[in-house]
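Structure first, then comments.
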Amino acid sequence: MKKILIFGATSAIAEQCARIWAARGESLYLVARNDDRLKTIASDIEIRGASRVLSCRMDVNDMDQHAKLIDEAVAALGGIDVVLIAHGTLADQNSCERSVEETMMEIQTNALSSISLLTLTANHLETKRQGTIAIISSVAGDRGRASNYIYGAAKAMVTAFTSGLRQRLYKSDVAVVTIKPGFVDTPMTTGFQKGLMWVKPETVASKIVTAIDKRKAEVYIPKFWWVIMLVIKIIPNTIFQRLKL
Amino acid sequence: MFTRVVSGWGNYPKQEARIASPSSCSALQDLIAQEESLLARGMGRSYGDSANASVVVETSCNDHFLRFDEMSGRLTAESGITLREILKVVVPKGWFLPVTPGTSYVTLGGAIAGDVHGKNHHISGTFGEHVKSMTIAIGTGDILTVSPSENGDLFYSTCGGMGLTGIIIDATIQLIPIQTALIDQRTLKLDCIEAACEAFQENSNATYSVAWIDCLARGKHLGRSVLMLGEHSRSGGMYFDLKEPKTIPFNTPPSLLNKPAIKCFNHAYWHKAVHNQLQTPSLGAFFYPLDAVGSWNKLYGKPGFLQYQFVIPKEGGVANMRTLLTLIAESGQGSFLAVLKQFGQANANLLSFPFEGYTLALDFKVTESAIKTLHRLDEIVVRMGGRVYLSKDAVMRESTFKSMYPEWEAFEAVREKYRAIGKFSSAQSSRLGLA
């Protein structure tokens, strides 16, 4: 039985991961901002077979709460085997462009809060010399594009940070899994016209759980995004700046 | 909101719809206030246009277990949960659905809205008869608790009400206890419709009974059937594994399901069956054989198919069934999977389909002549005092509906009372002349 701590537990992807873990009988500690939804999900996860479900309301942007909450989760679960950091927002690119404040908020939510959680959980697991930290980054972090570069920049920071963290923790036997989903059909992307490239959160979740089981380093979900992003990354800037992406 | 083309499981007819998926009750209430007209949509497994609407509220985010009492088998869950998800959790704990349709890929809300039935209708009635209570968002945005004793008129209109009374948020159902995850199945081969109907009558105490029927057989073999009887096994363990289906990713050329192919299939099915054979299939294999083939609806190709299910009264039912089967066999359009069953008593739900008699379900590839055949069958079924199942209908005429479902006026009165008129509507309800 694994002990799993999830941040952003009400996100569609994290919830589907929790359902898979519940069916396996793992113990879960769920953290999210929306209390009503968190309670609904916690009782659902318990009925689906989780050995234990604990939950705590927290806004990840209250960064001074992080250390205390992680201590509480460790104490309540009796240790931690897996951390999944899955919170995030997708703000409107256009309105961010016109507002420094909104841009900073987006960076705060999607990057800085994650960096804080990564640092604290990494330091804990490093002393235990075991465990896995998984975080949902994005293909958007592979190269900034005009349509989505603020979210992309935040995710790029997460990707670079976890790359270094993975090297640091290798000798302590702690795995760091960077997950890069493409287009996922979740409430975060309501309003987008969904097409063939879109996948369901449950599909993404089962691949995330497998990646965590196998202690993978970086995974693109679905895999074909690796090829797409490779192409996007090698386009020379002289051409790239003229493209509408 | 985004737009998408929606259709029922038959892939006919299709409609462009705006898709909403509210993630909370207050978001749902806002939506009800903003939109002129809308309709809840679950897995889209009704066959025709029951869940086609210009604005559909997808309930897929509303799919949580709320309460499950493992001692009493009382389960409360949100309406968007599928029966499949319910089974995965409750079967290993010794519980099963009191009534289940032939696929596990339907939502709880959809099962209530269609007041679906299963192989045990003659004993256990419809799904709605096992619903203890529900919460429903009505046309004003108010959220009401309904049960047979509380807002009873809304309860009996919502069970079988095709989503036209409001949006079901959650429901409490009573499960049945099981000792194993297996079924003791007995197969009977019956070489004409009379023998089949007699066998249903003789085995009316069997918990589950359903027959595959060869709709292309004619003459003395007209209505030859393979009847499957089932009881929950008492030994054999609780191991339960619903296999994920192999999917047919693309529409096959429509010519593939032609008459010779269907004839071959039916011939093989008949000759493969062994009279009086005893088997112990798993719950999945007994109740959901087609779930193992992911999107079998694509077998009919791009034009899609029409599913047709009618029930005719028991009195004179055998002779009437012979008349209808003759007509279907002569049309040469019968499907490769037709199902015959004897229903038990009707219930109090205003638009519920089943009543005591014989029911037949079959598919037709969508063609002009198939639609004509269905209209012709409709007329005969009306004259026989029968009716057609709304969850499968795509082409019925308004006048036919109103003679088949005389309670439609009472249904409209309840909708009026709870401000559902105009607010909750589907392509089907417009076609059938419901306001």
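Brief remarks follow.
- Phi-based couplings in Hz for the stretch B:175-184 (Karplus 6.51, -1.76, 1.60; Gly and Pro marked x): 7, 10, x, 10, 9, 9, 9, 10, 10, 8
- Principal-axis tilt of helix A:35-47 within chain A, Cα atoms, nearest 10 degrees: 60 degrees
- Cα gyration tensor shape of the stretch B:302-435, rounded if a/c is under 1.5, else prolate or oblate by comparing a/b with b/c: oblate
- 23 Å Cα-Cα threshold exceeded, pairs from A:Lys194/A:Lys223; A:Lys39/A:Lys128; B:Lys88/B:Lys119; A:Lys155/A:Lys216; A:Lys200/B:Lys365; B:Lys302/B:Lys372: A:Lys39/A:Lys128; A:Lys200/B:Lys365
- Estimated inter-spin distance, B:Lys302 and A:Ala146, nm [label 7 Å along Cα→Cβ]: 3.6 nm
- Remark on the stretch A:132-245: ratio of C-alpha radius of gyration to 2.2 N^0.38 Å is 1.12.
- Estimated FRET transfer efficiency when R0 is 22 angstrom, pair B:Ala195-B:Arg383 (beta carbons, to 0.05): 0.30
- Among A:Gly25, A:Gly191, A:Gly78, the largest mean-square fluctuation in a Gaussian network model of chain A, built with springs joining Cα atoms closer than 10 Å, belongs to A:Gly191.
- Ranked list, fewest to most other Cβ atoms within 10 Å of each Cβ, for B:Trp296, B:Trp9: B:Trp296, B:Trp9
- Cβ crowding within 10 Å, taken as a proxy for footprinting-reagent exposure, orders A:Asp92, A:Asp185 from fewest neighbours to most as A:Asp92, A:Asp185.
- Estimated FRET transfer efficiency when R0 is 30 angstrom, pair A:Met104-A:Ile228 (beta carbons, to 0.05): 0.55
- Listed peptides B:14-21, A:58-65, A:30-37 appear in the order A:30-37, B:14-21, A:58-65 once ranked by packing, highest mean of other Cβ atoms within 10 Å at the front.
- Per-residue Cβ neighbour rank within 10 angstrom, fewest leading, A:Thr103, A:Thr127: A:Thr127, A:Thr103
- Most simply put, the protein assembly as shown has about 65% antiparallel DSSP beta bridges, counting only bridges with both residues inside it.
- Ellipsoid equivalent to the protein assembly as shown - semi-axes via the Cα gyration tensor, in Å: 49, 27, 25
- Between 0 and 90 degrees, the angle of helix B:259-272 with respect to the longest Cα principal axis of chain B falls at about 70 degrees.
- Shielding of B:61-71 by partner chains, average beta-carbon count, 10 Å: 4
- If R0 is taken as 41 Å, the Cβ-Cβ distance between A:Asp62 and B:Asp153 corresponds to a FRET efficiency of 0.25.
- Shape of the stretch B:1-77, Cα gyration tensor, a/c cut at 1.5: oblate
- Protection proxy ranking for B:197-208, B:91-102, using the average of other Cβ atoms within 10 Å per residue and placing the highest first: B:91-102, B:197-208.
- Mean separation of Cα contacts under 8 Å, 6 or more apart, over the residue count of the stretch A:91-239: relative contact order %: 23 percent
- Under the simplified labelling scheme, the B:Lys14-B:Ala413 pair shows an inter-label distance of 4.2 nm, with each label point 7 Å from Cα along Cα→Cβ.
- Between A:Thr127 and A:Lys39, the modelled label-to-label distance comes to 3.4 nm, taking each label 7 Å out from Cα in the direction of the beta carbon.
Values quoted throughout were computed directly from the atomic coordinates according to the rules given, and no laboratory measurement underlies them. Just so we're clear, the structure is a prediction, and the values are computed from it rather than from any experiment. Every residue, glycine as well, gets a Cβ built from its backbone with ideal geometry; the counts of neighbours run over all protein chains shown.
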